[in-house]
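Let me begin by presenting the structure, written as structure tokens, before commenting on it.
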Amino acid sequence: MLTSNNPDELLENLNPQQRAAVLHRGPALLIVAGAGSGKTRVLTHRIAHLLATKELWPSQILAITFTNKAANEMKLRVEELLGQVSEGMWIRTFHSACLQILRREAERLGHSSSFTVYDTGDSRALLRRLLREAGADDGDVKPQAAASVISNAKNELRDAEDFARNIDRSNPRERIIADVYAAYQAELLRNNAFDFDDLIVETVNLFRAFPEVRARYQKKFRHVLIDEYQDTNHAQYALIRELTKPLAKEHAIFDEKTGEQLPPADLTVVGDSDQSIYAFRGADIRNITEFERDFVGATTILLEQNYRSTQNILSGANAVIAQNPYRPQKNLWTDSGSGDPITLFTAFDERNEAAFVVDSIKTAHEEGINYRDMAVLYRTNALTISLENELKVQRIPYVVIGGLKFFERKEIKDALSYLAAIANVSDDEAIRRIINTPARGIGEKTEAKIAQFARKNDLSMRQALLQVGELGLGPKITSAVEQFGKLLNELDAMSATEGPADVLKQALIQSGYRTELEHSRDPQDEARLENLDALLGQLYDWQKDFPQGTVVDYLAEVTLASAQDELEDESGNLSLMTLHTAKGLEYDHVFIIGCEQGTLPHFRAFDEPGGLQEERRLMYVGMTRAKKKLHLSHALQRTVFGNTSSFLPSSFLADIPADLIEQQGQQRSVSATPVRKWQGSLTTTSIRDNKDLQLAVGERVSHETFGEGSVIAVSGEGPKQVAEVRFDGGLTKRLLTKMAPITKL
């Protein structure tokens, strides 16, 4: 806290750029804060300096963050500097600030001030009912898919009427969503409710429809500060504009003392375009890259001195991000020394990679690094299965941040329930979980009748499935139940001669579970499919190691391994998380796994405008989480859906100067376990490379797994060409031409 009334105390221990950012005065300021450059310190010191110099009252400041945690931290830091003056400030998230405004103004929008805010579960339940009333089943449009489309539309400030005007009327799915969007908004109004997106959208609408209200809030807030500006979407940008753009003459605001007309509020935004990684949530990088064009008289100050990482880590990250075009030039540096080189490990397969990572973690822990100070980062959750297995074997405590542990995910529990139902005819709970998964039209009432019938006749539910003809359920439901029962019996018979991996593969295919996910347009279902592929890959590996192992043996091993999940250690838990989740965090040692072409960068990025640039920013964010030591790893091959595929190293790895890297291509002899042992020498001859193969629409190809098919679309050129192939068996796949196991016929 200030020890005197001298605001200059707030400038002590700031570097020149930080000091300039705190002292600057003007209509609009962009603080480009590189990773680890002390942006929160600068933002809070700027707020404190504005108050200490008596330029503003606390109640005239609106500071916006993206999370409650960040808002609370900002408020606490200002209190530490100036005492309790922060009590009058609005330091809030976008949604909480808008909620307070709407509570005061809701009647203007046809709501009462006691309106309800629907969370994700409430919204999906309402959409599920409206879809059912519209005659759409889950095969047409899933509630979560409709919710995603509607949310994206709202974030672009497109109401139901505007959305309906711009759809393809010949597309039944788009027509259904357009109709449900309109019905959804009508129901929200009838129920006196807003959903989460509405809090921002309706505040923008309020300011635009009622200029006098906007004028009142412009008069209240004389300085607006926005954190993580690169993550703002269009609706949030519009809200900021409404609070900071000039008012029309008839709504002008005046200084109560001087009578002079007041200019719009000053605006300070803090962000870094190199850390813009949330395009999939609607974040628009143009909000920060075009800031100086959008706000007249804007000034930009760069914070490039890093207080987190060693210079080797920063130099490697700088080299990766420098390849992105059209970015403001920025070069992070530190005066804390070069530090250790970046470790780059080339693994034979995913199990070898997991063994390397876990052995390295154990070594670091033995050298005094707490588990809580280490993290493993990855592009997709599906990469963790081998890692989690290895951590359990080595009894290293870990926690999955921002998600579920692998075996706790719904699709994994569903898959294992199929195995349990096959292996144990008496497992009624497994039957209950999968009896209508995927949807077979078997509802809760039917399930209850089957359970009651089973108890009455001293049967298990699985045994009762083939006797439901006695229940009078109707021909359609009776057939569905009987077909489900026959499927389980057929798979049970198969398990007597085939391994558990083959049984599960057939269960996912014949039940329709896999097909439903493949045909879904929900991005979450694509991730679920990747997780199931990872489970099958791990199970095929297990089957190779234990060729006599049964379904019962595998389920027992999974159960025992899961029982070790809640290990505790006095040095905390190792953190596992996606690269997206890691943003804003830091650890002494960071491991980024799966640095392969098609994984990081993800294969979808090659076909999306700006996708590769965002993947590069994601890699940059991951690298700059490391404080002392950065480990990167990639595997030459991974087993997916029972098929082993080869992978090229990520193109991002080639951007890192060789003198910053310590190459490691052979597992240390820490473990003699056969499944973890390094096999063979590391060469690139095992990597699939179709050389100059280019495909055209209409051409026929043969795939090692999916058989023959026809090319129906292509995008990209050269080594980045992606071909969409419809196989004769009915599947459609998007394949990277250079690497896919295909041959042109």
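For LEU574, what residues show an amide H to amide H distance below 5 Å, using hydrogens built from the backbone and excluding near sequence neighbours?
For LEU574, whose amide H was placed from the backbone, the distant partners under 5 Å are TYR398, VAL399.
Keeping all protein chains in place and using 1.4 angstrom, which order do ASP162, ASP659 fall into by accessible surface area, from largest down? Please list the in-between numbers first.
Numbers: ASP162 40, ASP659 130 Å².
Final ranking, largest accessible area leading: ASP659, ASP162.
With θ set to phi - 60° and the Karplus curve 6.51 cos²θ - 1.76 cosθ + 1.60, what are the ³J(HN,Hα) couplings of the range 406-422 in order, to the nearest whole Hz, using x for Gly and Pro?
3, 7, 9, 6, 4, 5, 6, 4, 4, 4, 5, 5, 4, 5, 5, 5, 6
Around THR446, what is the net charge, scoring Lys/Arg as +1 and Asp/Glu as -1 over all other residues with Cβ under 13 Å from its Cβ? Numbers along the way, then the final one.
Details: positive: ARG432, ARG440, LYS445, LYS449, LYS476; negative: GLU444, GLU447, GLU482.
Every neighbour counted, the sum reads +2.
Less than 21 Å apart at the alpha-carbon level, and either on another chain or at least 8 residues along: which lysines does that give for LYS39?
Result set, ordered by chain and number: LYS69, LYS75, LYS330, LYS583, LYS627, LYS628.
Residue by residue through the range 519-526, what is 3J(HN,Hα) from phi via Karplus (6.51 cos²θ - 1.76 cosθ + 1.60, θ = phi - 60°)? Round to whole Hz and write x for glycine and proline.
After applying 6.51 cos²θ - 1.76 cosθ + 1.60, I find 8, 6, 9, 7, x, 5, 5, 5 Hz.
Would you pull out the residues with amide H under 5 Å of VAL714's amide H, same chain only if 5 or more places away, H placed 1.01 Å from N?
GLU724
Quick check: residue separation of GLN694 and MET494 times 0.36 nm, minus the Cα distance between them. What number comes out in nm?
Values: separation 200, 0.36 × 200 = 72.00 nm, distance 4.09 nm.
Using 0.36 nm per residue and subtracting the Cα-Cα distance, I get 67.9 nm.
Amide H of LEU29: which non-local residues (sequence gap of 5 or more, or other chain) have their own amide H closer than 5 Å, using H built in the peptide plane?
Excluding prolines and chain starts, which carry no amide H, the hits are LEU267, THR268, VAL269, THR299.
Quick one: accessible area per residue over the range 404-561, 1.4 Å probe, rounded to a whole number of Å²?
Details: 7450 Å² over 158 residues.
Ligands and nucleic acids excluded, the result is 47 Å² per residue.
Toward the positive end of the charge dipole of the chain, about the Cα centre and with charges on Cβ (Lys, Arg +1; Asp, Glu -1), which of ASN191, ILE342, ILE385 goes farthest?
Value: ASN191.
Considering only DSSP beta bridges whose two residues both sit in the chain, what percent are antiparallel, to the nearest 5? The partial results should precede the final answer.
Numbers: 25 of 78 bridges.
DSSP beta bridges in the chain are roughly 30 percent antiparallel.
Spin-label point model (7 Å from Cα, Cβ direction): what's the LYS257 to GLU557 distance in nm?
7.7
When the dipole is taken about the Cα centre of the chain, and only Lys, Arg (+1) and Asp, Glu (-1) are charged at their Cβ, what size is it in debye, to the nearest 20? Please list the in-between numbers first.
On the way: 87 positive and 105 negative charges, 220 e Å.
The dipole of the chain has a size of about 1060 debye.
Any idea what the relative contact order of the range 115-190 is, in percent, if you count C-alpha pairs under 8 Å spaced at least 6 apart? Intermediate results must be reported in sequence, preceding the final value.
Working: 49 pairs, mean separation 25.3, N = 76.
Averaging sequence separation for qualifying contacts and normalising by length gives 33 percent for the range 115-190.
What FRET efficiency comes out for the pair ALA448/LYS245, r = Cβ-Cβ distance, R0 = 60 Å, nearest 0.05? Spell out each step's value before the answer.
Values: r = 59 Å, r/R0 = 0.99.
Given R0 = 60 Å and the Cβ-Cβ separation, E is 0.50.
What whole number of Å gives the distance from the Cα centroid of the range 386-452 to the Cα centroid of the range 180-235?
41
Between the range 349-367 and the range 488-531, what is the separation of their alpha carbon centroids in Å?
Here the two parts' Cα centres lie 31 Å apart.
Restricting to Cα pairs below 8 Å that are 6+ residues apart, what does the relative contact order work out to for the chain? Please round to a whole percent. Please report the intermediate quantities before stating the final value.
Values: 1243 pairs, mean separation 105.1, N = 745.
For the chain, the relative contact order is 14 percent.
Between Rg and the Kirkwood Rh of the chain, both from Cα atoms, what is the Rg to Rh ratio?
Working: Rg = 28.8 Å, Rh = 29.0 Å.
A ratio of 0.99.
Leaving ligands, DNA and RNA out of it, report the carbon-plus-sulfur percent of the accessible area of the chain at a 1.4 Å probe.
Percent of accessible area from carbon and sulfur atoms in the chain: 49.
Ordering ARG351, ARG25, ARG132 from largest to smallest accessible area (1.4 angstrom probe), what's the sequence? Spell out each step's value before the answer.
Working: ARG351 50, ARG25 85, ARG132 150 Å².
Largest accessible area first, the list is ARG132, ARG25, ARG351.
Normalise the Cα radius of gyration of the range 423-538 by 2.2 N^0.38 Å (N = residues in it) and let me know the number. Spell out each step's value before the answer.
Details: Rg = 15.2 Å, N = 116, 2.2 N^0.38 = 13.4 Å.
Output field value: 1.13.
Could you give me the ³J(HN,Hα) list for the range 504-511, computed from phi with Karplus coefficients 6.51, -1.76, 1.60 and θ = phi - 60°, whole Hz, x at Gly and Pro?
3J(HN,Hα) across the range 504-511, in whole Hz: 5, 4, 5, 4, 5, 6, 5, 6.
Quick check on the range 360-444: take the gyration tensor over C-alpha atoms, sort the square-rooted eigenvalues as a ≥ b ≥ c, and tell me if it's rounded (a/c under 1.5), prolate or oblate.
Details: a/c = 3.90, a/b = 2.54, b/c = 1.54.
Verdict is prolate for the range 360-444.
Indicate the gyration tensor shape class of the range 115-190 (rounded, prolate or oblate), computed on the Cα atoms with a ≥ b ≥ c the square roots of the eigenvalues: a/c under 1.5 is rounded; otherwise a/b larger than b/c is prolate and the rest oblate.
Numbers: a/c = 1.68, a/b = 1.15, b/c = 1.45.
In terms of gyration-tensor shape, oblate.
Suppose all protein chains stay in the model; what accessible area per residue would a 1.4 Å probe give for the range 218-328, in Å²? Kindly include the intermediate steps, with their values, before the conclusion.
Working: 4700 Å² over 111 residues.
Here the residues of the range 218-328 average 42 Å² of exposed surface.
Among THR334, THR497, what's the order by accessible area (1.4 angstrom probe), most exposed first? Each step should come with its number before you reach the end.
Details: THR334 20, THR497 110 Å².
Order by accessible area, largest first: THR497, THR334.
The values are calculated or read from the model by the stated rules, or taken from the named source; none is laboratory data. Predicted model, so just to flag it, every value in this text is computed and none were measured. A quick note on method: Cβ atoms are made from the backbone with ideal geometry, for glycine too, and the neighbour counts reach across all protein chains shown. Side chains are part of the model used for accessible areas, which takes the heavy atoms of the whole protein and leaves out ligands, DNA and RNA. Shrake-Rupley method; radii C 1.70, N 1.55, O 1.52, S 1.80 Å.
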